[in-house]
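The values are calculated or read from the model by the stated rules, or taken from the named source; none is laboratory data. Quantities reported herein were computed from a predicted structural model and do not represent experimental measurements. Here Cβ is always computed from backbone atoms with ideal geometry, including for glycine, and neighbour counts include all displayed protein chains. Note: accessible area is taken over every heavy atom of the protein model, side chains too, but ligands, DNA and RNA are not part of it. Shrake-Rupley method; radii C 1.70, N 1.55, O 1.52, S 1.80 Å.
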Amino acid sequence: MTKKHAYITTAIPYVNGQPHIGHALDYLLADAWARYQRQLGKVVRFQTGVDEHGNKIAAKAAEQGLAPQAYVDSMYGNFLEFIQKLEVDSTDFIRTTDIKHKAAVQYIWQQLEAAGLLYKGSYEGWYCQGCEAFITDKEAAENNGICPDHKTAYQRLSEENYYFKASAFTLEITKALESGKMKIIPEFRKKEFLELIKDGLADVSVSRPTKSLSWGVPVPSDPSQVMYVWLDALSNYITVLGYPNDPLWKEFWPADVQVVGKDILRFHAGIWPAMLMALDLPLPKALLVHGHITSGGAKMSKSVGNVVDPVEILDHFGPEAFRYFFLRHVPTLDDGDFTWERFEAAYNGELGNDLGNLVQRVAAMTMRYQAGVLSDIPPNRHDMGPYRAALETFEFNRALDEVWGIVRALNQYLDRVKPWEVAKNRQTDVEAEAHLAEILSHAAGTLLQVAELLVPFLPSTARAIQTIFASGVIPADVQPLFPKIYLHTEDPRTTKQS
Ligand code: MSP
(Lines give C-alpha, C1' and ligand atoms only; values in the text may rest on other atoms or scores of the structure.)
Protein backbone atom coordinates (compact mmCIF):
# COMPACT_ATOMS: atom_id res chain seq x y z
CA MET A 1 0.00 0.00 0.00
CA THR A 2 1.38 3.41 -0.83
CA LYS A 3 1.61 5.97 1.93
CA LYS A 4 -1.13 8.55 1.89
CA HIS A 5 0.69 11.24 3.83
CA ALA A 6 3.64 13.29 2.69
CA TYR A 7 5.61 15.91 4.58
CA ILE A 8 8.02 18.48 3.21
CA THR A 9 9.82 21.25 5.07
CA THR A 10 11.78 24.42 4.27
CA ALA A 11 14.54 26.23 6.13
CA ILE A 12 13.10 29.00 8.29
CA PRO A 13 14.76 32.32 7.44
CA TYR A 14 16.01 34.73 10.06
CA VAL A 15 13.73 37.73 10.16
CA ASN A 16 16.49 40.31 10.44
CA GLY A 17 16.05 41.42 6.83
CA GLN A 18 13.64 41.32 3.94
CA PRO A 19 12.83 38.07 2.14
CA HIS A 20 15.35 37.39 -0.60
CA ILE A 21 15.83 35.17 -3.59
CA GLY A 22 17.56 32.43 -1.60
CA HIS A 23 14.48 32.04 0.57
CA ALA A 24 12.31 31.87 -2.53
CA LEU A 25 14.32 28.94 -3.80
CA ASP A 26 13.56 26.91 -0.67
CA TYR A 27 9.86 27.71 -1.03
CA LEU A 28 9.64 26.99 -4.75
CA LEU A 29 11.40 23.64 -4.63
CA ALA A 30 9.18 22.53 -1.77
CA ASP A 31 6.07 23.86 -3.47
CA ALA A 32 6.77 22.06 -6.74
CA TRP A 33 7.29 18.80 -4.89
CA ALA A 34 4.17 19.34 -2.74
CA ARG A 35 2.01 20.05 -5.79
CA TYR A 36 3.36 16.97 -7.52
CA GLN A 37 2.56 14.81 -4.49
CA ARG A 38 -0.95 16.24 -4.37
CA GLN A 39 -1.35 15.34 -8.04
CA LEU A 40 -0.38 11.79 -7.07
CA GLY A 41 -3.17 11.82 -4.50
CA LYS A 42 -1.15 12.34 -1.31
CA VAL A 43 -2.26 14.37 1.68
CA VAL A 44 0.57 16.87 1.96
CA ARG A 45 1.80 18.79 4.95
CA PHE A 46 4.15 21.56 3.88
CA GLN A 47 5.88 23.64 6.56
CA THR A 48 7.23 27.16 6.23
CA GLY A 49 8.07 29.66 8.93
CA VAL A 50 10.56 32.06 10.43
CA ASP A 51 13.52 31.89 12.80
CA GLU A 52 13.04 34.68 15.32
CA HIS A 53 15.57 34.14 18.11
CA GLY A 54 19.29 34.72 18.54
CA ASN A 55 21.73 37.55 18.86
CA LYS A 56 21.61 38.56 15.23
CA ILE A 57 17.93 39.40 15.57
CA ALA A 58 18.30 41.00 19.00
CA ALA A 59 21.05 43.22 17.57
CA LYS A 60 18.87 44.31 14.66
CA ALA A 61 15.98 45.05 17.00
CA ALA A 62 18.26 47.20 19.17
CA GLU A 63 19.44 49.05 16.06
CA GLN A 64 15.81 49.92 15.32
CA GLY A 65 15.18 50.92 18.94
CA LEU A 66 12.68 48.09 19.40
CA ALA A 67 12.28 45.27 21.88
CA PRO A 68 13.08 41.96 20.14
CA GLN A 69 9.50 40.72 20.32
CA ALA A 70 8.14 43.97 18.89
CA TYR A 71 10.74 43.80 16.13
CA VAL A 72 9.97 40.20 15.09
CA ASP A 73 6.26 41.00 15.28
CA SER A 74 6.87 43.72 12.72
CA MET A 75 8.92 41.47 10.42
CA TYR A 76 7.36 38.03 10.09
CA GLY A 77 4.44 39.32 8.02
CA ASN A 78 6.84 40.15 5.18
CA PHE A 79 7.67 36.47 4.87
CA LEU A 80 4.08 35.35 5.04
CA GLU A 81 3.19 37.84 2.33
CA PHE A 82 6.16 36.78 0.24
CA ILE A 83 5.08 33.14 0.40
CA GLN A 84 1.61 34.13 -0.76
CA LYS A 85 2.96 36.32 -3.55
CA LEU A 86 4.94 33.37 -4.86
CA GLU A 87 1.75 31.30 -4.87
CA VAL A 88 3.44 28.85 -2.60
CA ASP A 89 0.76 26.69 -1.10
CA SER A 90 2.20 25.74 2.29
CA THR A 91 -0.04 24.28 4.97
CA ASP A 92 1.86 25.63 7.99
CA PHE A 93 3.76 28.74 8.97
CA ILE A 94 5.63 28.60 12.26
CA ARG A 95 7.23 31.38 14.25
CA THR A 96 9.85 30.23 16.75
CA THR A 97 8.43 32.71 19.26
CA ASP A 98 5.09 30.83 19.26
CA ILE A 99 4.28 29.74 22.81
CA LYS A 100 3.59 26.18 21.74
CA HIS A 101 6.90 25.93 19.93
CA LYS A 102 8.85 27.28 22.90
CA ALA A 103 7.17 24.84 25.29
CA ALA A 104 7.91 21.94 22.93
CA VAL A 105 11.56 22.98 22.65
CA GLN A 106 11.82 23.00 26.42
CA TYR A 107 10.34 19.51 26.45
CA ILE A 108 12.96 18.44 23.90
CA TRP A 109 15.67 19.87 26.13
CA GLN A 110 14.34 17.87 29.08
CA GLN A 111 14.39 14.70 27.00
CA LEU A 112 18.03 15.26 26.03
CA GLU A 113 18.84 15.94 29.67
CA ALA A 114 17.00 12.83 30.89
CA ALA A 115 18.90 10.73 28.35
CA GLY A 116 22.16 11.95 29.91
CA LEU A 117 23.19 13.68 26.69
CA LEU A 118 23.73 17.18 28.08
CA TYR A 119 26.71 18.26 30.15
CA LYS A 120 28.10 21.58 31.29
CA GLY A 121 31.40 22.77 29.94
CA SER A 122 33.21 25.95 29.18
CA TYR A 123 33.55 27.24 25.67
CA GLU A 124 36.65 29.14 24.74
CA GLY A 125 36.66 29.92 21.08
CA TRP A 126 35.12 31.75 18.15
CA TYR A 127 31.57 32.62 17.20
CA CYS A 128 30.08 34.13 14.07
CA GLN A 129 26.92 36.05 14.80
CA GLY A 130 26.01 36.25 11.10
CA CYS A 131 26.03 32.44 10.85
CA GLU A 132 24.93 32.00 14.47
CA ALA A 133 27.63 29.33 14.57
CA PHE A 134 30.54 28.30 16.77
CA ILE A 135 33.69 28.32 14.67
CA THR A 136 36.60 25.94 15.18
CA ASP A 137 40.11 27.34 15.62
CA LYS A 138 41.11 25.68 12.36
CA GLU A 139 38.30 27.37 10.44
CA ALA A 140 39.02 30.72 12.10
CA ALA A 141 42.70 30.46 11.17
CA GLU A 142 41.88 29.49 7.57
CA ASN A 143 39.66 32.54 7.23
CA ASN A 144 42.03 34.91 9.05
CA GLY A 145 39.46 35.52 11.73
CA ILE A 146 36.88 36.95 9.33
CA CYS A 147 33.69 35.21 8.20
CA PRO A 148 33.87 34.84 4.41
CA ASP A 149 30.08 35.03 4.14
CA HIS A 150 29.41 37.97 6.41
CA LYS A 151 32.75 39.78 6.12
CA THR A 152 32.72 40.40 9.86
CA ALA A 153 35.32 39.42 12.44
CA TYR A 154 34.58 36.34 14.53
CA GLN A 155 33.83 37.09 18.18
CA ARG A 156 36.03 35.54 20.87
CA LEU A 157 33.92 33.82 23.51
CA SER A 158 34.83 32.50 26.89
CA GLU A 159 31.74 31.23 28.64
CA GLU A 160 29.92 28.41 30.40
CA ASN A 161 27.60 26.43 28.14
CA TYR A 162 25.68 23.21 28.05
CA TYR A 163 26.95 20.75 25.50
CA PHE A 164 24.98 18.12 23.62
CA LYS A 165 26.84 14.85 23.08
CA ALA A 166 26.36 14.75 19.33
CA SER A 167 29.65 12.84 19.09
CA ALA A 168 27.87 9.76 20.49
CA PHE A 169 25.89 9.52 17.25
CA THR A 170 28.72 9.79 14.73
CA LEU A 171 28.69 6.14 13.80
CA GLU A 172 24.93 5.86 13.54
CA ILE A 173 24.64 9.01 11.44
CA THR A 174 27.44 7.89 9.14
CA LYS A 175 25.69 4.55 8.67
CA ALA A 176 22.33 6.20 8.01
CA LEU A 177 23.91 8.36 5.32
CA GLU A 178 25.95 5.61 3.74
CA SER A 179 23.04 3.19 3.58
CA GLY A 180 20.70 5.84 2.18
CA LYS A 181 18.34 5.54 5.16
CA MET A 182 18.67 9.30 5.22
CA LYS A 183 19.52 10.49 1.73
CA ILE A 184 21.40 13.65 0.94
CA ILE A 185 20.54 14.82 -2.55
CA PRO A 186 22.64 15.41 -4.59
CA GLU A 187 25.14 12.65 -3.93
CA PHE A 188 28.20 14.92 -4.05
CA ARG A 189 26.92 16.86 -1.05
CA LYS A 190 26.62 13.61 0.89
CA LYS A 191 30.26 12.84 0.09
CA GLU A 192 31.30 16.33 1.20
CA PHE A 193 29.47 15.93 4.48
CA LEU A 194 30.84 12.44 5.17
CA GLU A 195 34.32 13.83 4.58
CA LEU A 196 33.61 16.65 7.05
CA ILE A 197 32.68 14.22 9.84
CA LYS A 198 35.21 11.51 9.10
CA ASP A 199 37.04 12.31 12.36
CA GLY A 200 33.77 12.32 14.27
CA LEU A 201 31.01 14.79 14.98
CA ALA A 202 31.95 17.32 17.63
CA ASP A 203 29.76 17.87 20.67
CA VAL A 204 27.69 20.99 20.18
CA SER A 205 27.29 23.89 22.52
CA VAL A 206 23.51 24.18 22.84
CA SER A 207 23.10 27.02 25.30
CA ARG A 208 24.67 30.34 26.11
CA PRO A 209 24.73 32.33 29.34
CA THR A 210 22.02 35.00 29.46
CA LYS A 211 24.72 37.65 29.61
CA SER A 212 25.83 36.64 26.08
CA LEU A 213 22.44 35.67 24.71
CA SER A 214 19.19 36.78 26.19
CA TRP A 215 16.83 36.50 23.23
CA GLY A 216 15.94 32.84 23.05
CA VAL A 217 14.15 29.97 24.76
CA PRO A 218 15.19 29.70 28.43
CA VAL A 219 16.82 26.47 29.56
CA PRO A 220 14.13 24.91 31.79
CA SER A 221 16.34 23.80 34.66
CA ASP A 222 18.78 26.69 34.63
CA PRO A 223 17.55 30.28 34.38
CA SER A 224 21.09 31.54 33.83
CA GLN A 225 21.15 29.95 30.35
CA VAL A 226 19.28 30.41 27.08
CA MET A 227 19.16 27.83 24.31
CA TYR A 228 21.36 28.13 21.26
CA VAL A 229 19.27 29.32 18.34
CA TRP A 230 19.93 26.28 16.12
CA LEU A 231 18.59 23.82 18.71
CA ASP A 232 15.44 25.90 18.88
CA ALA A 233 15.20 26.41 15.10
CA LEU A 234 15.78 22.79 14.04
CA SER A 235 13.08 21.63 16.44
CA ASN A 236 10.50 23.56 14.42
CA TYR A 237 10.22 20.72 11.91
CA ILE A 238 8.50 18.55 14.51
CA THR A 239 6.97 21.15 16.83
CA VAL A 240 5.02 22.57 13.89
CA LEU A 241 3.32 19.17 13.57
CA GLY A 242 2.27 19.33 17.20
CA TYR A 243 5.13 17.34 18.76
CA PRO A 244 4.98 16.17 21.53
CA ASN A 245 1.34 16.72 22.55
CA ASP A 246 -0.73 16.44 19.39
CA PRO A 247 -0.60 12.81 18.18
CA LEU A 248 -1.13 13.98 14.60
CA TRP A 249 2.60 14.60 14.32
CA LYS A 250 3.11 10.85 13.99
CA GLU A 251 1.15 10.80 10.76
CA PHE A 252 3.62 13.14 9.09
CA TRP A 253 6.97 12.53 10.73
CA PRO A 254 9.50 11.44 9.40
CA ALA A 255 9.57 14.09 6.71
CA ASP A 256 9.86 12.82 3.17
CA VAL A 257 11.97 15.77 2.12
CA GLN A 258 13.66 18.64 3.95
CA VAL A 259 14.78 21.44 1.64
CA VAL A 260 17.89 23.37 2.69
CA GLY A 261 20.58 25.51 1.10
CA LYS A 262 24.13 24.18 0.91
CA ASP A 263 25.36 26.57 3.63
CA ILE A 264 23.16 24.99 6.29
CA LEU A 265 23.55 21.34 5.32
CA ARG A 266 25.98 20.71 8.17
CA PHE A 267 23.37 21.65 10.78
CA HIS A 268 20.76 19.47 9.11
CA ALA A 269 22.97 16.45 8.50
CA GLY A 270 24.82 16.57 11.84
CA ILE A 271 23.14 18.08 14.87
CA TRP A 272 19.58 17.52 13.62
CA PRO A 273 19.80 13.73 13.14
CA ALA A 274 21.69 13.52 16.45
CA MET A 275 18.79 15.31 18.16
CA LEU A 276 16.27 12.99 16.51
CA MET A 277 18.21 9.91 17.52
CA ALA A 278 18.44 11.21 21.07
CA LEU A 279 14.65 11.65 21.05
CA ASP A 280 14.26 8.21 19.56
CA LEU A 281 12.54 9.61 16.48
CA PRO A 282 13.08 8.45 12.90
CA LEU A 283 15.33 10.46 10.59
CA PRO A 284 13.97 12.39 7.62
CA LYS A 285 14.06 10.34 4.45
CA ALA A 286 15.90 12.95 2.42
CA LEU A 287 17.63 16.29 2.61
CA LEU A 288 17.30 18.13 -0.67
CA VAL A 289 20.22 20.54 -0.90
CA HIS A 290 20.12 23.43 -3.32
CA GLY A 291 23.00 25.67 -4.28
CA HIS A 292 23.28 29.42 -4.11
CA ILE A 293 22.03 32.03 -6.50
CA THR A 294 24.52 34.61 -7.62
CA SER A 295 23.77 37.88 -9.36
CA GLY A 296 25.72 38.45 -12.54
CA GLY A 297 28.19 35.78 -11.45
CA ALA A 298 28.93 37.34 -8.06
CA LYS A 299 27.63 36.69 -4.57
CA MET A 300 24.80 39.11 -3.83
CA SER A 301 26.01 41.78 -1.50
CA LYS A 302 24.76 45.15 -0.39
CA SER A 303 28.21 46.69 -0.70
CA VAL A 304 28.62 45.45 -4.29
CA GLY A 305 25.10 46.70 -4.99
CA ASN A 306 24.01 43.61 -6.93
CA VAL A 307 21.28 42.38 -4.61
CA VAL A 308 18.22 41.46 -6.65
CA ASP A 309 14.94 42.20 -4.93
CA PRO A 310 12.57 39.28 -5.53
CA VAL A 311 9.57 41.51 -4.91
CA GLU A 312 10.62 43.75 -7.80
CA ILE A 313 10.63 40.72 -10.12
CA LEU A 314 7.28 39.58 -8.79
CA ASP A 315 5.67 42.99 -9.10
CA HIS A 316 6.67 43.42 -12.74
CA PHE A 317 6.48 39.88 -14.06
CA GLY A 318 4.18 37.99 -11.67
CA PRO A 319 4.61 34.74 -9.80
CA GLU A 320 4.46 32.41 -12.79
CA ALA A 321 7.43 34.05 -14.51
CA PHE A 322 9.35 34.10 -11.24
CA ARG A 323 8.64 30.44 -10.58
CA TYR A 324 9.53 29.51 -14.14
CA PHE A 325 12.92 31.21 -14.10
CA PHE A 326 14.08 29.89 -10.76
CA LEU A 327 12.78 26.38 -11.30
CA ARG A 328 14.10 25.99 -14.83
CA HIS A 329 17.09 28.26 -15.21
CA VAL A 330 18.64 27.57 -11.82
CA PRO A 331 19.64 23.93 -11.77
CA THR A 332 17.79 22.34 -8.85
CA LEU A 333 20.85 20.65 -7.41
CA ASP A 334 23.52 23.25 -8.09
CA ASP A 335 24.35 26.94 -8.05
CA GLY A 336 22.65 29.27 -10.51
CA ASP A 337 22.87 32.83 -11.69
CA PHE A 338 20.37 35.63 -12.10
CA THR A 339 20.69 38.46 -14.57
CA TRP A 340 17.89 40.56 -15.97
CA GLU A 341 19.07 39.58 -19.47
CA ARG A 342 18.63 35.89 -18.75
CA PHE A 343 15.36 36.52 -16.98
CA GLU A 344 13.79 38.66 -19.70
CA ALA A 345 15.04 36.34 -22.43
CA ALA A 346 13.37 33.39 -20.68
CA TYR A 347 10.20 35.38 -20.06
CA ASN A 348 9.76 36.83 -23.52
CA GLY A 349 11.25 33.94 -25.48
CA GLU A 350 10.14 30.82 -23.70
CA LEU A 351 7.02 31.88 -21.84
CA GLY A 352 5.91 34.56 -24.30
CA ASN A 353 6.85 33.10 -27.70
CA ASP A 354 7.14 29.37 -27.20
CA LEU A 355 4.18 28.81 -24.91
CA GLY A 356 2.04 31.97 -24.77
CA ASN A 357 1.88 32.49 -28.54
CA LEU A 358 1.27 28.82 -29.13
CA VAL A 359 -1.77 28.78 -26.85
CA GLN A 360 -3.00 31.98 -28.45
CA ARG A 361 -2.50 30.63 -31.98
CA VAL A 362 -4.35 27.38 -31.37
CA ALA A 363 -7.22 29.17 -29.60
CA ALA A 364 -7.46 31.83 -32.31
CA MET A 365 -7.44 29.31 -35.19
CA THR A 366 -10.12 27.24 -33.49
CA MET A 367 -12.20 30.40 -33.18
CA ARG A 368 -11.64 31.49 -36.75
CA TYR A 369 -12.07 28.16 -38.55
CA GLN A 370 -14.39 26.19 -36.27
CA ALA A 371 -16.37 28.81 -34.35
CA GLY A 372 -14.39 27.90 -31.23
CA VAL A 373 -15.48 24.26 -31.18
CA LEU A 374 -12.93 21.46 -31.02
CA SER A 375 -13.76 17.98 -32.24
CA ASP A 376 -12.84 15.03 -30.01
CA ILE A 377 -9.52 15.66 -28.31
CA PRO A 378 -7.29 12.61 -28.72
CA PRO A 379 -5.52 11.09 -25.70
CA ASN A 380 -1.95 12.34 -25.45
CA ARG A 381 0.81 10.21 -26.79
CA HIS A 382 3.98 11.75 -25.41
CA ASP A 383 6.26 9.52 -23.39
CA MET A 384 6.34 11.06 -19.92
CA GLY A 385 9.00 8.71 -18.57
CA PRO A 386 11.87 11.21 -18.64
CA TYR A 387 9.68 13.91 -17.04
CA ARG A 388 8.64 11.61 -14.20
CA ALA A 389 12.21 10.37 -13.74
CA ALA A 390 13.45 13.96 -13.43
CA LEU A 391 10.81 14.72 -10.80
CA GLU A 392 11.68 11.60 -8.83
CA THR A 393 15.36 12.60 -8.77
CA PHE A 394 14.50 16.23 -7.90
CA GLU A 395 15.87 17.62 -11.15
CA PHE A 396 13.01 20.01 -11.65
CA ASN A 397 14.89 22.00 -14.27
CA ARG A 398 15.13 18.84 -16.36
CA ALA A 399 11.45 18.10 -15.91
CA LEU A 400 10.72 21.56 -17.31
CA ASP A 401 13.15 20.96 -20.18
CA GLU A 402 11.01 17.94 -21.06
CA VAL A 403 7.84 20.03 -21.06
CA TRP A 404 9.47 22.59 -23.29
CA GLY A 405 10.50 19.78 -25.63
CA ILE A 406 6.80 19.08 -26.17
CA VAL A 407 5.97 22.77 -26.58
CA ARG A 408 8.70 23.21 -29.16
CA ALA A 409 7.68 20.08 -31.05
CA LEU A 410 4.10 21.32 -31.25
CA ASN A 411 5.25 24.67 -32.61
CA GLN A 412 7.31 22.86 -35.25
CA TYR A 413 4.38 20.60 -36.11
CA LEU A 414 2.08 23.58 -36.70
CA ASP A 415 4.70 25.35 -38.81
CA ARG A 416 5.02 22.20 -40.88
CA VAL A 417 1.35 21.27 -41.39
CA LYS A 418 0.28 24.92 -41.75
CA PRO A 419 -3.36 24.78 -40.64
CA TRP A 420 -3.92 28.24 -42.19
CA GLU A 421 -3.13 26.74 -45.64
CA VAL A 422 -5.35 23.73 -44.97
CA ALA A 423 -8.14 26.16 -44.06
CA LYS A 424 -7.78 27.89 -47.44
CA ASN A 425 -8.20 24.58 -49.26
CA ARG A 426 -11.52 23.76 -47.69
CA GLN A 427 -13.46 25.08 -50.74
CA THR A 428 -11.73 22.70 -53.11
CA ASP A 429 -10.53 19.75 -51.05
CA VAL A 430 -13.20 17.60 -49.36
CA GLU A 431 -10.76 16.15 -46.86
CA ALA A 432 -9.36 19.49 -45.74
CA GLU A 433 -12.16 20.16 -43.24
CA ALA A 434 -11.52 16.92 -41.35
CA HIS A 435 -7.76 17.36 -41.59
CA LEU A 436 -7.98 20.84 -40.09
CA ALA A 437 -10.20 19.60 -37.25
CA GLU A 438 -7.71 16.85 -36.56
CA ILE A 439 -4.74 19.25 -36.45
CA LEU A 440 -6.46 21.60 -34.03
CA SER A 441 -7.67 18.81 -31.72
CA HIS A 442 -4.22 17.30 -31.69
CA ALA A 443 -2.77 20.71 -30.75
CA ALA A 444 -5.36 21.25 -28.03
CA GLY A 445 -4.78 17.74 -26.67
CA THR A 446 -1.05 18.35 -26.49
CA LEU A 447 -1.57 21.66 -24.72
CA LEU A 448 -3.80 19.96 -22.17
CA GLN A 449 -1.04 17.50 -21.52
CA VAL A 450 1.43 20.37 -21.18
CA ALA A 451 -0.95 21.95 -18.66
CA GLU A 452 -1.01 18.82 -16.58
CA LEU A 453 2.77 18.61 -16.57
CA LEU A 454 2.99 22.25 -15.55
CA VAL A 455 0.76 21.85 -12.48
CA PRO A 456 3.67 21.42 -10.00
CA PHE A 457 5.58 24.37 -11.44
CA LEU A 458 3.22 26.92 -12.97
CA PRO A 459 -0.15 26.23 -11.39
CA SER A 460 -1.97 29.32 -12.70
CA THR A 461 -0.71 28.81 -16.24
CA ALA A 462 -1.83 25.20 -16.09
CA ARG A 463 -5.29 26.34 -14.98
CA ALA A 464 -5.45 29.00 -17.69
CA ILE A 465 -4.66 26.46 -20.42
CA GLN A 466 -7.23 24.06 -19.03
CA THR A 467 -9.86 26.80 -18.98
CA ILE A 468 -9.21 27.49 -22.65
CA PHE A 469 -9.19 23.94 -24.01
CA ALA A 470 -10.62 21.42 -21.56
CA SER A 471 -14.33 21.91 -22.26
CA GLY A 472 -13.91 21.61 -26.04
CA VAL A 473 -15.32 25.09 -26.59
CA ILE A 474 -12.90 27.99 -26.55
CA PRO A 475 -14.10 30.83 -24.30
CA ALA A 476 -14.68 34.14 -26.06
CA ASP A 477 -12.24 36.20 -24.00
CA VAL A 478 -8.88 34.41 -24.24
CA GLN A 479 -6.17 36.75 -22.96
CA PRO A 480 -2.53 36.45 -24.03
CA LEU A 481 -0.68 34.39 -21.41
CA PHE A 482 2.65 36.19 -21.19
CA PRO A 483 2.50 39.58 -22.92
CA LYS A 484 5.94 40.93 -23.83
CA ILE A 485 7.76 42.97 -21.17
CA TYR A 486 11.14 44.61 -21.74
CA LEU A 487 12.27 46.60 -18.72
CA HIS A 488 15.99 45.93 -18.64
CA THR A 489 16.65 44.73 -22.16
CA GLU A 490 15.87 46.04 -25.61
CA ASP A 491 12.61 45.08 -27.28
CA PRO A 492 13.72 43.49 -30.58
CA ARG A 493 10.43 44.54 -32.22
CA THR A 494 11.24 48.24 -31.95
CA THR A 495 13.06 49.39 -35.07
CA LYS A 496 15.58 52.05 -34.26
CA GLN A 497 14.98 55.45 -35.86
CA SER A 498 18.13 57.04 -37.08
N1 MSP B 1 17.57 30.54 10.11
C2 MSP B 1 18.46 29.67 9.44
C3 MSP B 1 17.78 28.39 9.00
C4 MSP B 1 17.19 27.59 10.12
S5 MSP B 1 16.42 26.14 9.52
C6 MSP B 1 16.05 25.29 10.91
C7 MSP B 1 19.04 30.35 8.19
N8 MSP B 1 18.34 31.38 7.69
S9 MSP B 1 18.76 32.21 6.40
O10 MSP B 1 17.78 33.25 6.26
O11 MSP B 1 20.12 32.63 6.50
O12 MSP B 1 18.70 31.23 5.18
C13 MSP B 1 17.48 30.58 4.86
C14 MSP B 1 17.62 29.78 3.58
O15 MSP B 1 17.93 30.64 2.49
C16 MSP B 1 18.71 28.71 3.60
O17 MSP B 1 18.24 27.51 2.99
C18 MSP B 1 19.81 29.33 2.75
O19 MSP B 1 20.62 28.40 2.10
C20 MSP B 1 18.97 30.08 1.74
N21 MSP B 1 19.77 31.11 1.06
C22 MSP B 1 20.20 32.28 1.59
N23 MSP B 1 20.92 32.93 0.62
C24 MSP B 1 20.96 32.19 -0.52
C25 MSP B 1 21.35 32.44 -1.85
N26 MSP B 1 22.00 33.52 -2.25
N27 MSP B 1 21.01 31.50 -2.79
C28 MSP B 1 20.24 30.42 -2.47
N29 MSP B 1 19.85 30.20 -1.23
C30 MSP B 1 20.44 30.88 -0.16
O31 MSP B 1 20.05 29.91 7.71
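Checking the condition in a loop (DSSP other than H, G, I, E, B), within 26 Å of GLU139 (Cβ to Cβ) and either hydroxyl-bearing (Ser, Thr, Tyr) or within 16 Å of the ligand (Cβ to nearest atom) (or both), which residue from TRP215, TRP230 passes?
Just one listed residue meets the conditions, TRP215.
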Requested in this report: Have a look at GLU431, GLU395, GLU402 and point out the one that is out of contact with any His (no Cβ under 6 Å at 6 or more places or on another chain) and loosely packed, with under 14 Cβ neighbours inside 10 Å.
Outcome: GLU431
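What do you reckon, is TRP215 closer than 23 Å to PRO13 by Cβ, crowded, with 22+ Cβ neighbours inside 10 Å, among the hydrophobic types (A, V, I, L, M, F, W, C) and under 22 Å from the mean Cα position of the chain (by Cα)? Please lay out each step first, then the result.
Details: closer than 23 Å to PRO13 by Cβ: yes; crowded, with 22+ Cβ neighbours inside 10 Å: yes; among the hydrophobic types (A, V, I, L, M, F, W, C): yes; under 22 Å from the mean Cα position of the chain (by Cα): no.
Taking the combined requirement at face value, the residue does not satisfy it.
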Requested in this report: Keeping to segment 436-492, report how many residues are over 22 Å from ASP401 (Cβ atoms) and either part of a loop (DSSP other than H, G, I, E, B) or at pLDDT below 95 (or both).
Outcome: 20
**Report entry** Number of the exception - SER205 against (1) away from the ligand (no atom under 16 Å from the Cβ); (2) open to solvent by 10 Å² or more (accessible area, probe 1.4 Å); (3) not aliphatic (A, V, I, L, M)
**Finding:** (2)
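What number of residues within segment 261-282 satisfy the criterion of being away from the ligand (no atom under 15 Å from the Cβ), within 25 Å of GLN37 (Cβ to Cβ) and aliphatic (A, V, I, L, M)? Give the steps one after another, and end with the answer.
Taking segment 261-282 and keeping what is away from the ligand (no atom under 15 Å from the Cβ), we get 277-282.
If we keep only those that are within 25 Å of GLN37 (Cβ to Cβ) too, we end up with 281-282.
Those left that are additionally aliphatic (A, V, I, L, M): 281.
Of the residues in that region, 1 qualify.
Looking for whichever is hydrophobic (A, V, I, L, M, F, W, C) and open to solvent by less than 30 Å² (accessible area, probe 1.4 Å) here; the options are ALA470, ALA462. Which one fits?
Details: ALA470 fails: open to solvent by less than 30 Å² (accessible area, probe 1.4 Å).
The match here is ALA462.
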Query raised in the report: Which is aliphatic (A, V, I, L, M) and part of a loop (DSSP other than H, G, I, E, B), of MET275, MET300?
Result: MET300
Query raised in the report: What single numbered condition from (1) of a type in the set (S, T, N, Q); (2) in a loop (DSSP other than H, G, I, E, B); (3) open to solvent by 70 Å² or more (accessible area, probe 1.4 Å) fails to hold for ASN357?
Result: (2)
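May I ask you to list the residues in segment 161-189 that are free of Cβ contacts under 8 Å to residues at least 24 places away in the same chain, open to solvent by less than 100 Å² (accessible area, probe 1.4 Å) and part of a helix (DSSP H, G or I)? So that I can check it myself, show each step before the final result.
Our first condition is that a residue be free of Cβ contacts under 8 Å to residues at least 24 places away in the same chain; within segment 161-189, this holds for 171, 174-175, 178-180, 187-188.
Applying the additional criterion that residues be open to solvent by less than 100 Å² (accessible area, probe 1.4 Å) yields 174, 179-180, 187-188.
Scanning segment 161-189 gives THR174, SER179, GLU187, PHE188.
Keeping to segment 14-60, report how many residues are more than 16 Å from the ligand (Cβ to nearest atom), over 17 Å from the mean Cα position of the chain (by Cα) and either hydrophobic (A, V, I, L, M, F, W, C) or closer than 17 Å to LEU234 by Cα (or both).
First pass over segment 14-60, keeping only residues more than 16 Å from the ligand (Cβ to nearest atom): 34-45.
Still in the running and over 17 Å from the mean Cα position of the chain (by Cα): 39-43.
Going one step further and asking which of them are either hydrophobic (A, V, I, L, M, F, W, C) or closer than 17 Å to LEU234 by Cα (or both), we end up with 40, 43.
Total satisfying the criteria: 2.
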Report summary line: Scanning segment 59-76 residue by residue, those assigned to a helix (DSSP H, G or I) and within 19 Å of VAL217 (Cβ to Cβ) turn out to be ALA59, LYS60, ALA61, PRO68, GLN69, ALA70, TYR71, VAL72, ASP73, MET75, TYR76
**Report entry** Residue satisfying condition, being in a helix (DSSP H, G or I), surrounded by 19 or more Cβ atoms within 10 Å (Cβ to Cβ), charged (D, E, K, R) and more than 21 Å from the chain's Cα centre (by Cα), within set GLU341, GLU350, GLU320
**Finding:** GLU350
Report task. From PHE317, PHE326, grab the single residue that is touching a Gly at 6+ places or on another chain (Cβ under 9 Å) and either within 13 Å of the ligand (Cβ to nearest atom) or among the aromatic types (Phe, Trp, Tyr) (or both). Result -> PHE326
Report task. Read through the list (1) within 13 Å of the ligand (Cβ to nearest atom); (2) in a helix (DSSP H, G or I); (3) open to solvent by 50 Å² or more (accessible area, probe 1.4 Å); (4) not basic (Lys, Arg), then give the number of the only condition that PHE79 fails. Result -> (3)
Query - Residue list for segment 233-260, filter: over 19 Å from GLU132 (Cβ atoms), in a helix (DSSP H, G or I) and within 16 Å of the ligand (Cβ to nearest atom) - result: ILE238
Requested in this report: Look through ARG45, ARG38 and report the one residue that is more than 24 Å from LYS262 (Cβ to Cβ), in a helix (DSSP H, G or I) and either acidic (Asp, Glu) or modelled with pLDDT of 95 or more (or both).
Outcome: ARG38
